[in-house]
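Below you'll find the structure, written out as structure tokens, and then a few comments.
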Amino acid sequence: MKNISIKRLVTVIVATSIAVAAPSMQQAFAKPVPDTAGVEELTLRFKLGLMMAMNNLIPALIGTLVAFFTRAAKDEPVFALSKKDGE
């Protein structure tokens, strides 16, 4: 476990979070914001987007962490899925 790249782990978690949460946030802000809307309306939409994203984000992060720790060597390419020939 001492050969784990922390920067790669953070990058993978951030990329997964963005990829999973973006559709939920887009859905929450899909309707046009009324001209009379204030900060409360935007906050409500943001909270709704976060709640929808959490339903998808938790299983995605668990799967990402399992995949990361399966292949966490610093000296391998980021998207390496199998060992090199002869290993």
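For the stretch 23-28, backbone phi angles converted through the Karplus equation (6.51, -1.76, 1.60; θ = phi - 60°) give residue-by-residue couplings of x, 5, 5, 5, 5, 5 Hz, Gly and Pro being listed as x. Which value does Rg/Rh take for the stretch 1-69 over its C-alpha atoms, Rh per Kirkwood? Radius of gyration over Kirkwood radius for the stretch 1-69 works out to 1.16.
Taken together, the values in this text are just the output of simple stated rules run on the coordinates, not laboratory data. The model shown is predicted, which means the values in this text are computed figures rather than measured ones.
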